[in-house]
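A short write-up of the structure that comes next.
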Amino acid sequence: MKVLRGLGLPEDDSRAFVLIDGTEFLISVFDEPPLSPKFPATRELLTPHPKTGMYVSGFSITGQPVHNFVFQHDKNAAKHGLVLGVTRGGKTQFFAVTMVAESNAGQIVWLSSCFKDEKTATLVEHIDRQGISPIYMARQLRAAMALCQIRAEMPWAYDGKPHDYKPGDDRCPYKQLNVYADEFMTASQDPTFGDFIQADGDALTVMGLKYGIGFNPAGQSPFAHNGFSTEMKDNLLQNSRPVIFNMGSPGATRKAAEGTMENAYDVPTIPARYAPKEGSTIERAMAGEAEPQNGVSTGVVVVLDNGRATLMKALYVDFDEDLADLFPSEINRLTDHEISELDKLGLWGDWNRPPDPGEFWPEPDEDKDGDGGGREQRSTSKRAQVTSARQALEAIRSLTDA
């Protein structure tokens with residue numbers, strides 16, 4: 001702040017930024033706010049490198065491209081994702097960026113959410129499956145869990161044996177699947193299906209990567225009491241580059257980054273507005289001037305693998321335009337074998353339909369209490385014992401009478 005005062009600039013000027021690297025730091029003052037321009041998404045930027053899986057998701061304050069990945073080349077595995085932000089903060093907009101990249105890499109995308117959204121309705125035209133409701137999310141996660149075992153038993157044509165997923169290997173008999181769960185916090189607290197959503201979300205973060213399945217929850221809080229168990233959070237952070245939007249204040253953004261960084265207080269402040277000559281808060285108060293209008297989606301914080309954060313402006317996907325030029329011409333889908341196996345288990349079809357008898361809870365005549373009070377307890381107890389893909393599949397078969 002002393003440097004800014006010496007330059008005659010207000011402390012909240014959106015042209016000034018500080019970069020910290022250990023004991024070194026760089027103070028930059030730009031002629032124009034560096035994050036004010038829109039960076040349009042293009043097919044070229046959102047086509048991942050076939051070997052590394054890296055693509056450009058946005059640009060930093062210095063104009064450098066900020067990369068994310070569609071698979072983990074160094075771990076020879078799929079990837080997870082974590083997007084945090086307040087309502088209307090830009091999460092769905094960023095979904096489009098990542099989904100385009102995954103689709104251009106030949107991968108499959110599923111999306112479930114709790115609330116209707118105009119943008120998700122547009123995305124459904126370009127991805128494999130999309131639906132709105134807690135029961136849809138519960139069925140989506142249950143199908144993804146069953147796919148772990150189905151894929152574990154799928155033979156590879158070159159030797160007739162099953163193998164672990166290998167991104168970029170043309171011999172792999174299936175495509176990477178990316179499972180999105182928007183408003184996961186709200187869904188995991190649903191009184192009817194929340195326990196199933198949270199349990200399968202936990203299990204998928206542990207088991208999915210080995211079978212080419214990544215889990216991408218999004219919400220307003222990453223903490224356990226909001227649906228993110230410690231195990232889930234650790235697996236997400238170790239196998240993704242989490243994206244944190246403006247959470248409403250610098251303090252709230254730092255809190256959301258807790259546990260994701262070496263020092264959450266190194267999270268750069270996301271500018272709430274862009275204007276080079278606003279004056280400081282004190283100057284406006286003394287002059288009796290109104291505060292400028294605030295915006296909450298001016299940039300994002302990307303938490304990198306080494307626990308350091310980079311402030312960037314995400315690529316902009318214009319939902320008022322046809323998105324066909326960004327996505328591939330054909331939608332990537334499951335193989336016929338995978339669909340057939342899911343159908344045998346009763347896990348395919350319309351995921352918005354009402355619950356089938358015995359699908360989530362025992363039939364009424366199996367309920368010894370007679371009032372439904374014992375159903376959730378028994379179901380949760382059985383699910384808590386699931387520790388492998390095979391056990392998960394057997395549990396699913398028992399619940400679906402398959």
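General observations
- Carbon plus sulfur fraction of accessible area for the stretch 176-245, probe 1.4 Å, in percent: 46
- Subset of LYS91/LYS166; LYS79/LYS175; LYS161/LYS210; LYS51/LYS75 violating a 18 Å alpha-carbon distance limit: LYS91/LYS166
- Antiparallel bridges, percent of DSSP beta bridges restricted to the stretch 72-195 (to nearest 5): 10
- Centre separation in Å (Cα based) which lies between the stretch 153-231 and the stretch 83-135: 15
The values are calculated or read from the model by the stated rules, or taken from the named source; none is laboratory data. What you are looking at is a predicted structure, and each value in this text was computed from that prediction instead of being measured. When the accessible area is computed, the model is the full protein with side chains, heavy atoms only, and any ligands, DNA or RNA have been set aside. Shrake-Rupley method; radii C 1.70, N 1.55, O 1.52, S 1.80 Å.
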